[in-house]
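All remarks here apply to the structure that follows.
The values are calculated or read from the model by the stated rules, or taken from the named source; none is laboratory data. All values derive from a computational prediction rather than experimental measurement. For neighbour counting, all protein chains shown are included, and Cβ atoms are generated from backbone atoms with ideal geometry for every residue, glycine included.
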Amino acid sequence: MSQSGYAFLLAGGIGARLCLLSEKRAKPAVPFGGKYRILDFALSNCVNSGIFDVGILTQYRPTSLNQHIGSGRPWDLDRTRGGVQLLQPYLGSVENDWYRGTADAIFQNLMHVRQRRVEDLLILSGDHVYKMDYTAMLDFHTDRRADLTLAVTTVPEADASQFGILELDARGRVVSFEEKPVKPRSRFASMGVYVFRREVLWKALEEDAARSDSSHDFGKDVIPRLLADGTDVFGYPFPHYWQDVGTVDAYYQANMDLLGERPSVDLADPSWVVHTAILDLPPARLGAAAAVERSLVANGARVEGRVVRSVLFPGVVVERDAEVVDSILMNGTRVRPGARIERAILDKQVWVGAGARLGGGEGPPNQVCPEHLASGLVIVGKGAALPDGIEVGPNVRVDPGTRVEDFPGNVGAGEVVWNAREPEGGHSHGYPGAERAARRP
Amino acid sequence: MRETMGVFLAGGRGRGLGVLSEHRATAALPFAGKYRLVDFTLSNCHYSGIWPVALLTQHAPTSLREHVRGGRAWDLDRAEGGILTLQPFAWRERAAWYAGAADALLRNLSTYADTGAQRLVVGSAEHVYLMDYSDLLAAHLDARCPVTVAVTPARPDQVRRRHMVEVREGRVRRFEHYPERTELTLASMGLYVFEMEFLRAEAAGGPRRSMRDLLELALAHGVPLHAYRFGGFWEDVRDLETYYATSMAFLSPEPPLLLGDPQWPVETRAEERPPALFAEGSRVRNSLVAGGAVIEGEVENSILFGGAVVEHGARVTGSILMQDVHIGAGAVLDRAILDKQVGVGEGAVVGEGPLPRPGGGSDICVVGKEARLPAGYRMPRGTTVGVGADLTKTELLRAFAARPTGERRP
């Protein structure tokens with residue numbers, strides 16, 4: 001195992017396609033799988049691959065991420081040498097500004113690797129669910145004497161136009177690369193996991209930074225230009241589960257994938273532990289009338305009712321005669337007696353009143369997120385409280401912090417329930433909520 | 001300089017706990033689905049602001065040390081004066097195990113003195129309770145006695161395993177040790193505050209074995225012992241029945257202690273485990289289920305630690321399954337305690353036969369750590385299988401077969 005590797009982890013993504021879930025947190029900080037956050041997978045991959053020197057690039061809403069990472073303890077990244085560093089954009093010389101793109105984010109932080117004796121650098125994305133040994137990829141990279149190696153997965157033909165699609169020759173050399181092509185030429189997609197030779201990266205980013213016609217993105221700008229220049233770019237095939245949880249439906253499905261007879265990622269593998277930062281909570285408590293099937297239930301949860309094909313995060317309470325089906329309930333959410341929840345994603349600390357009915361069935365897509373909330377799911381934002389006995393149709397989105405009195409009555413399919421107060425106190429700089437507030441009737 | 005230090009005894013052999021404490025200090029005994037007994041004491045120290053803390057070990061300290069490590073889980077990994085795990089050591093002139101708790105306490109006096117401590121909170125690391133030691137300390141300072149003894153009410157059925165005390169005008173006047181019956185209603189919790197000055201004088205006064213000796217002598221010499229009354233839940237888990245009953249009390253809708261009180265959560269060095277997985281067809285009622293457990297079968301009135309697996313068709317009632325216990329398909333368990341990594345083969349029965357009449361001795365089955373019961377094995381109620389006994393190897397079946405719980409190994 002290489003003990004001297006360095007990884008940059010890109011964790012600044014806005015995750016607009018995740019609708020409410022990433023409105024107040026960076027996408028890598030979105031809770032996942034009953035106790036994790038999405039970023040835990042890439043970060044645990046690093047330490048399990050023997051890489052104990054990681055720089056995490058943040059920009060958008062980093063608070064929950066900063067809190068989660070802390071000193072890096074749960075990942076054994078609180079080290080004397082190396083460890084984890086959170087790299088937030090800062091105001092310095094004239095050129096330093098907000099990160100203009102993924103490539104720019106790395107460029108502005110290259111000085112962090114100047115002192116480090118590493119030949120190759122890993123660049124990772126914090127948005128993906130997968131378990132991968134990066135040492136095998138580093139070995140492949142060294143073996144091929146590559147300047148740049150991209151990890152490659154296969155994606156369904158229908159989705160291919162959302163990815164960077166590439167073609168490979170027999171030795172794995174990348175012969176073409178197109179970011180989000182209209183007509184994909186293959187089903188090989190870049191996973192957003194790169195190994196760069198340091199000098200190559202340095203030169204490429206320096207050139208890219210100077211160009212005014214660049215959007216400073218690895219997929220759109222840097223990689224195509226490197227290929228055009230004849231750089232040795234290879235593709236490393238990764239045959240295991242990898243999921244970009246970039247959309248509400250993909251996020252929901254990736255959670256449900258953990259519940260099958262053969263879960264997509266084995267979270268219980270003692271040789272590849274997925275670490276996360278979590279407060280100690282006692283074991284889950286199941287009451288005398290509880291009925292739980294095909295579900296993940298985290299510590300600190302309490303179940304008196306019925307739970308089927310669902311993911312319950314720590315501290316979730318499902319009271320008696322309540323029913324939770326095909327749903328994801330995040331930390332501290334409470335379902336009062338007799339409520340029924342179907343195909344819903346409830347963010348943290350949501351309160352569902354007694355006898356309420358959420359989700360189920362089909363209906364028109366959501367009015368504000370029609371592309372991302374159309375498959376029937378209900379999304380309820382953090383801290384929202386739903387009144388007793390209310391009925392909420394499919395494709396509904398309920399704002400974070402919405403109070404019982406904000407509900408005019410039952411909520412029909414595709415509708416939006418706004419929080420009547422501006423939770424930001426006016427400080428919504430650079431935040432999509434600003435436009436939304438203006439749109440509000 | 002800190003004026004107060006915590007010293008907690010974690011060296012007991014825990015004979016009453018049979019195979020559960022054969023290879024581990026009682027303080028390291030797994031409890032309530034994810035904790036170990038010592039977690040209560042160390043969490044108390046954390047929240048009471050007591051540090052440094054010394055743990056005095058003697059019997060099988062490995063699993064305790066492994067659990068406590070540098071004290072991280074309790075924020076006791078401090079640059080100055082965190083946690084010390086003190087095992088008896090040999091001097092040039094002599095080498096001897098601790099003769100008892102008082103001996104252990106007094107033999108480390110110079111270590112406490114090095115921290116500058118002027119008084120010690122001394123207790124057992126094996127007790128189940130949540131308590132703010134700063135209240136105890138305040139009462140001690142207020143009383144201006146060299147010794148304060150924490151006392152708590154005892155029910156008549158408990159007095160046989162308690163050091164009962166007579167308290168008058170806030171002072172301990174008399175002890176009755178393990179009485180069959182007594183008029184006294186208060187018991188010593190084995191938790192004290194000692195002025196260092198008093199302990200130095202005791203150490204100079206000659207050998208002291210047990211705390212009982214030390215306190216009886218103090219009483220005889222007219223040393224005032226202040227009594228501090230504690231009203232919360234407290235239990236000394238010293239035998240299998242108590243361990244079982246105390247564990248099961250946590251299944252009640254009103255458990256004796258709130259383990260997850262946000263103001264005072266019991267802290268432990270938790271292993272990273274995924275959420276518990278409930279498979280198709282699982283039926284789990286009135287149970288505690290820790291992260292990493294996987295349940296396909298039926299579980300009722302039971303406690304499942306992390307990584308415990310109950311395969312389909314298996315039925316587990318009134319039982320405690322510690323970490324990574326594996327119950328094969330169709331096995332049936334009733335009133336059993338299975339230590340870590342025990343394997344139960346398909347269709348085995350643990351706790352076979354009718355329930356004994358009350359008072360007819362223990363009916364609990366206990367299976368020692370890493371033991372393996374073969375498919376179809378039948379284990380009668382009230383029997384024990386030893387640590388590591390692999391009964392799937394038929395030649396060993398006779399030698400290691402279940403023996404009555406509580407019976408000493410030949």
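Annotations for the structure displayed:
So that you can scan it fast, the table gives a plain yes or no per residue for (1) under 17 Å from residue B:16 (Cα atoms); (2) over 27 Å from the mean Cα position of the chain (by Cα):
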residue	(1), (2)
B:346	no, yes
B:376	no, yes
B:381	no, no
B:384	yes, no
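- Any hit, segment A:331-349, residues being under 30 Å from residue B:248 (Cβ atoms), more than 22 Å from the chain's Cα centre (by Cα), within 14 Å of another protein chain (Cβ to nearest Cβ) and not in a loop (DSSP other than H, G, I, E, B): no
- Where strands (runs of 3 or more DSSP E) sit wholly within segment A:282-325, those with at least 2 residues that are under 23 Å from residue A:389 (Cα atoms) occupy A:306-308, A:323-325.
- Matching residues in segment B:1-56 - criterion: being charged (D, E, K, R) and either in contact with a Lys or Arg (Cβ under 7 Å, 6 or more places away or on another chain) or under 18 Å from residue B:238 (Cα atoms) (or both): B:3, B:13, B:15, B:22, B:24, B:36, B:39
- Checking each residue of segment A:232-240 against the condition of being acidic (Asp, Glu) and modelled with pLDDT of 95 or more gives at least one match.
- Residue match in segment B:188-207 (condition: touching a Gly at 6+ places or on another chain (Cβ under 9 Å), assigned to a loop (DSSP other than H, G, I, E, B) and not small (Gly, Ala, Ser)): no
- Residue A:43 being of a type outside the set (D, E, K, R), under 26 Å from residue A:418 (Cα atoms) and assigned to a helix (DSSP H, G or I): no
- Filter result for the condition that a residue is within 30 Å of residue B:52 (Cβ to Cβ), touching a residue at least 24 places away in the same chain (Cβ under 8 Å) and over 20 Å from the mean Cα position of the chain (by Cα), over B:170, B:123: B:170
- All conditions but one from (1) within 7 Å of chain B (Cβ to nearest Cβ); (2) assigned to a loop (DSSP other than H, G, I, E, B); (3) more than 23 Å from residue B:266 (Cβ to Cβ) apply to residue A:272; the one that does not is (1).
- Strands (runs of 3 or more DSSP E) within segment B:278-349 that include 3 or more residues at the interface with another protein chain (Cβ under 10 Å from one of its Cβ atoms), crowded, with 19+ Cβ neighbours inside 10 Å and at negative phi: B:287-289
- The set of residues from segment A:294-310 being on the phi > 0 side of the Ramachandran plot and either of a type in the set (Lys, Arg) or more than 9 Å from chain B (Cβ to nearest Cβ) (or both) comprises A:294, A:309.
- Residue in segment A:262-272 that is buried (at least 19 other Cβ atoms within 10 Å of the Cβ) and basic (Lys, Arg) present: no
- Residue within segment B:225-239 that is at negative phi, without any contact (Cβ under 8 Å) to a residue 60 or more places away in the chain and away from chain A (no Cβ under 13 Å) present: no
- Identity of the residue in segment B:244-257, at the interface with chain A (Cβ under 10 Å from one of its Cβ atoms) and free of Cβ contacts under 8 Å to residues at least 40 places away in the same chain, that ends up farthest from the chain's Cα centre (by Cα): B:253
- Strands (runs of 3 or more DSSP E) lying entirely in segment B:78-186 (those with 1 or more residues that are within 30 Å of residue B:32 (Cα to Cα) and among the aliphatic types (A, V, I, L, M)): B:83-86, B:119-124, B:127-129, B:147-153, B:163-168
- Of all residues making up segment B:1-60, the number that are more than 14 Å from chain A (Cβ to nearest Cβ), among the acidic types (Asp, Glu) and within 24 Å of residue B:81 (Cα to Cα): 1
- Failed criterion for residue A:324 (all others in (1) hydrophobic (A, V, I, L, M, F, W, C); (2) facing chain B (nearest Cβ under 9 Å); (3) more than 17 Å from residue B:294 (Cα to Cα) hold): (2)
- Counting only residues that are of a type in the set (Gly, Ala, Ser) and under 20 Å from residue B:320 (Cβ atoms), segment B:15-59 holds 8 of them.
- When residue A:313 is tested against (1) more than 7 Å from chain B (Cβ to nearest Cβ); (2) in contact with an Asp or Glu (Cβ under 9 Å, 6 or more places away or on another chain); (3) of a type in the set (A, V, I, L, M, F, W, C), just one condition goes unmet, and that condition is (2).
- Filter result (among the hydrophobic types (A, V, I, L, M, F, W, C) and more than 24 Å from the chain's Cα centre (by Cα)) within segment B:293-315: B:294, B:295, B:299, B:309, B:310, B:314
- When residue A:286 is tested against (1) in contact with a Lys or Arg (Cβ under 9 Å, 6 or more places away or on another chain); (2) under 27 Å from residue A:39 (Cα atoms); (3) at the interface with chain B (Cβ under 7 Å from one of its Cβ atoms), just one condition goes unmet, and that condition is (2).
- Residue list for segment B:268-289, filter: under 20 Å from residue A:274 (Cα atoms) and among the basic types (Lys, Arg): B:269, B:273
- Counted residues, segment B:101-144 - those being among the small types (Gly, Ala, Ser) and under 17 Å from residue B:189 (Cα atoms): 7
- Residue within segment A:237-249 that is of a type in the set (Ser, Thr, Tyr), within 23 Å of the chain's Cα centre (by Cα) and surrounded by 22 or more Cβ atoms within 10 Å (Cβ to Cβ) present: no
- Total residues in segment A:257-305, condition under 26 Å from residue B:31 (Cβ atoms) and acidic (Asp, Glu): 2
- Residue satisfying all of: in segment B:258-277; within 7 Å of chain A (Cβ to nearest Cβ), aliphatic (A, V, I, L, M) and part of a loop (DSSP other than H, G, I, E, B); farthest from residue B:236 (Cα to Cα) among these: B:270
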